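Worksheet: the structure to be examined is printed underneath.
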Amino acid sequence: MPTLTVLLLLWAIGSYSFPATSDTHKQDVDMVQNYLQKYYNLERGTSRSGEQKSSDLVAEKLKQMQKFFGLKVTGKPDAETLNVMKQPRCGVPDVAQFKSTPRSFQWERTHLTYRITNYTPDLPKKDVDHMIEKAFELWSNVSVLTFTKVFEGEADILISFYWRDHRDNSPFDGPGGGLAHAFLPGKEIGGDIHFDEEETWTNDFRNYNLYYVAAHELGHSLGINHIHDIGSLMYPAYIYYGDIQLSQKDIKAINALYGEHKEKYFGRPKEPQVTKEPQVPQACDTKLTFDAVTKVSRDLFFFKNRFFLRTDDSQQEVDFNGISLFWPLVGAGVDAAYEIAIRNEVFFFRGSKYWAFNGDQPKYGYPRDIHSSFGFPGKVKKIDAAVHQEETGKTYFFVANKYWRYDEYKKSMDTGYPKAIIRDFPGIGKKVDAVFQNDGFFYFFCGTRQYQFDPKTKRILSLLKTNSWFNCK
């Protein structure tokens, strides 16, 4: 496919803001091409006479992918787009009909059987059985569907672990990439779930949680497509928060296919495992508060729960994304964050641990402990806010009603700290939710208020809304 390859290569070169070798570009070009073919139905093969048509088609597919994941829609394989493409995910396409079969998109009956045909050596057999059973219970609790496990013979849904090419026209790609896939309801292979045996399957946060992936793939087996809402279990990227639940959109999707059985909600002594759909921050909410704020390069990142909002200098674009999608090692939730721009380093804090990144690439040897690294006393359980002052090389850490000052060059806390926040930052209150520096000023976020503060004169210059950085009417 020479025309498509050249097209993508030229775009990739123009999209990078950091040095990269031609080999790196070639790898990214191949990845983009394969990703769009696999998940967005980009046609394979083209001709020189169809060069412009091919170019338009690739751009359209890229826009489709970017819109689905809530990225800036450029039609080009920019750094953010490449980052999302590199994330582990479900092997089912995001568009059209995934793993098509001759059957309709739902089962004709509501009682189904399943059988586990083989087991991964990564986990004890009883753990696999338990996690698969929980995945079925998750969907059964909110629908009219019931499931029975069988141990031999035929079953509606067969669950298997496979390597690479396993003769279903959807070969696995090795560690990372596509983790598993499933087929629509129907006869023969319809409804079956396949896990990539080259992945490392676990029952916790390490590598890939089998229960989480099984629950997602079962949604496909029952007839549900991917949902672009990052709070949904049916979101295509692997984002495991430790709490596996169905969003309202997941429940609406399963009930649209099979109907709702109200007795299941009220007839059981145990409440179904359902919560309200996670709240995605709304940029123009007048009551919006933040957990952390930091600059990364020239963009501002605003963190709230397990999401972040991003805005550029123009304030015209605000992107909503999951923290784990861009910084998977950090997981869900950020207490504090700061950037040392001269080193291209960004630090994220959660609880007593912190992570360091060069851009979006994790640094080796993290997470580390805040007590052994910075010298915080044991009573400090987490950092509320942090900001680095470029002019002095000092980093300020805010904890409850006090603050510490850390020398990034000496790698030690300055003497005489902690000090009371109200002493050196009068007027902002006793506690700080988030803070960042811009053009020499500190911007403190305290509840729904934001203060522009001059650290030289120790004066508040202006009082702002927390969402003043967004293009709100």
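The values are calculated or read from the model by the stated rules, or taken from the named source; none is laboratory data. Since the structure is predicted, the reported quantities are computational estimates derived from the model, not experimental observations. Every residue, glycine among them, receives a Cβ derived from its backbone with ideal geometry; neighbour counts consider all protein chains shown.
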Residues of the range 294-318 being at pLDDT below 75 and surrounded by fewer than 19 Cβ atoms within 10 Å (Cβ to Cβ), in sequence order, are ASP312, ASP313, SER314, GLN315, GLN316, GLU317
Within the range 21-45, the residues that are modelled with pLDDT under 60 and either surrounded by 13 or more Cβ atoms within 10 Å (Cβ to Cβ) or in a helix (DSSP H, G or I) (or both) are SER22, ASP23, THR24
How many of the residues in the range 419-429 are surrounded by 12 or more Cβ atoms within 10 Å (Cβ to Cβ) and either at pLDDT below 90 or small (Gly, Ala, Ser) (or both)? 5
Hey, does the range 196-203 have a residue that's of a type outside the set (Ser, Thr, Tyr), assigned to a helix (DSSP H, G or I) and either under 26 Å from ASP30 (Cβ atoms) or under 25 Å from the mean Cα position of the chain (by Cα) (or both)? no
What pairs come out if I take residues in the range 439-468 that are within 23 Å of ALA341 (Cα to Cα) and pair them with residues that are surrounded by fewer than 18 Cβ atoms within 10 Å (Cβ to Cβ) and of a type in the set (S, T, N, Q) whose C-beta lies under 6 Å away, six or more apart or interchain? PHE441/GLN452; TYR443/GLN452; GLN452/SER462
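Among the listed residues ASP433, ASP439, which satisfies the condition of being crowded, with 21+ Cβ neighbours inside 10 Å and among the charged types (D, E, K, R)?
Answer to the selection: ASP433.
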Counted residues in the range 394-417 being hydroxyl-bearing (Ser, Thr, Tyr), part of a strand (DSSP E or B) and out of contact with any strand residue (DSSP E or B) (no Cβ under 6 Å at 6 or more places or on another chain) come to 1
When the range 124-170 is examined, which residues are found to be of a type outside the set (A, V, I, L, M, F, W, C), in contact (Cβ under 8 Å) with a residue 12 or more places away in the chain and within 15 Å of ASP196 (Cβ to Cβ)? SER160, TYR162, ARG164, HIS166, ASP168, SER170
Identify, from the list ILE460, ILE383, the residue that is surrounded by 15 or more Cβ atoms within 10 Å (Cβ to Cβ), β-branched (Val, Ile, Thr) and over 24 Å from ALA356 (Cβ atoms). ILE460
Residues of the range 344-375 being out of contact with any strand residue (DSSP E or B) (no Cβ under 7 Å at 6 or more places or on another chain) and crowded, with 19+ Cβ neighbours inside 10 Å, which ones? ARG350
Residues that are modelled with pLDDT under 90 and either surrounded by fewer than 22 Cβ atoms within 10 Å (Cβ to Cβ) or among the small types (Gly, Ala, Ser) (or both), drawn from the range 328-340: PRO328, LEU329, GLY331, ALA332, GLY333
